[in-house]
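Colleague: The structure that follows is given in the form of structure tokens.
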Amino acid sequence: MNNITMKMNVDELILMALREDISSEDITTNSVMREYKKGTVQLLCKEDGIIAGLDIFKRTFLLLDENTEVKLYTEDGNPVKKGEVLAEVTGDIRVLLSGERTALNYLQRMSGIATYTNNVVKLLGESKIKLLDTRKTTPNMRIFEKYAVKIGGGNNHRYNLSDGILLKDNHISAAGGVKNAVKMAKEYAPFVRKIEVEVENLQMVKEAVEAGADIIMLDNMTPEMMKEAVKFIGGRAETECSGNITKENIKKVIETGVDYISSGALTHSAPILDVSLKNLRVL
């Protein structure tokens, strides 16, 4: 992430996380460290994976004390191995101890998502299908989790509700059907916005094509039904499949011919990548 994004969108979120952990003071650290002492600690990788979030890890300590030194020995997107030293943090020992958990929480969460995403991307092999995330993210963690998806080799779907038009089942019901929902969206939205429609059966596919949808999301369809839908659409709209897509079942949809696969599991089901701060030394 660049400095502008960090200052405008990230710093406040990190500070909120730090305030959650330090509501008044870090009573444990303050009890054993009554005054300034300089120290250093190592960031160790405890399992193989893809690292993501090193800038966020670093920023956490800098927000507590801008004089903290963080030396990174790898960079986001790189494969890392168990036992590898990823970074060293040097500064006020109180800062190292008080910022430890928050910094690690971001790093392990983001690295877990990057690792999981990378594993799914590998399953797509040589296909031209693009893997997308969803808005099924942890509250106040979306910017971090969607960044991690990109680091893992995936792509971002819309960031939020202002980002694009996606007419889902309840929107369609509220509008009185697919045709009317697309018509109303075209009337309201700027012409540069693409209109995506979620469909659940072949009749809705037909209605979405006839209404002029730009993207048709095939939701919770069987692979056989998706093949038939893609054939009917015939390139008149881009196609996306969604609904309970995980790394365990994604191979089943590769041969359907869809352009995109979106999976909420990238962000809501990825396990963490275990990392820790160890070997603290007083300098």
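Colleague: Using unit Cβ charges (K, R positive; D, E negative) and no other charged atoms, how large, in debye to the nearest 20, is the dipole of the chain about its Cα centre? Present the calculation step by step, with values, prior to reporting the outcome.
Modeller: On the way: 38 positive and 40 negative charges, 46 e Å.
Using Cβ point charges on Lys, Arg, Asp and Glu, the chain gives about 220 debye.
Colleague: Could the peptides 156-162, 88-94 be put in order, highest first, of the mean number of other beta-carbon atoms found within 10 Å of their residues?
Modeller: Values: 156-162: 13.0, 88-94: 20.7.
Final packing ranking: 88-94, 156-162.
Colleague: One-quarter of the Cα convex hull surface for the chain, in nm²?
Modeller: 16.9
Colleague: Taking 0.36 nm per residue of sequence separation and subtracting the Cα-Cα distance, how much length would be gained by fully extending the chain between residue 136 and residue 119, in nm to one decimal? Working shown, then result.
Modeller: Values: separation 17, 0.36 × 17 = 6.12 nm, distance 1.91 nm.
Contour length minus Cα-Cα distance gives 4.2 nm.
Colleague: How large is the charge dipole for region 125-268, taken about the Cα centre, if only the Cβ atoms of Lys, Arg (+1) and Asp, Glu (-1) carry charge, to the nearest 20 debye?
Modeller: Details: 21 positive and 20 negative charges, 67 e Å.
Dipole magnitude for region 125-268 comes out near 320 debye.
Colleague: So, one more: If the cut-off is 15 Å between C-alpha atoms, which aspartates and glutamates fall inside it for residue 130, apart from same-chain ones fewer than 8 positions away?
Modeller: 238, 240, 255, 259
All of the numbers you see were taken from the coordinates with simple rules; none came from a lab. Quick caveat, the model's predicted, so the values are computed rather than measured. Counting neighbours? That spans all protein chains shown, and the Cβs are built from the backbone with ideal geometry, glycine included.
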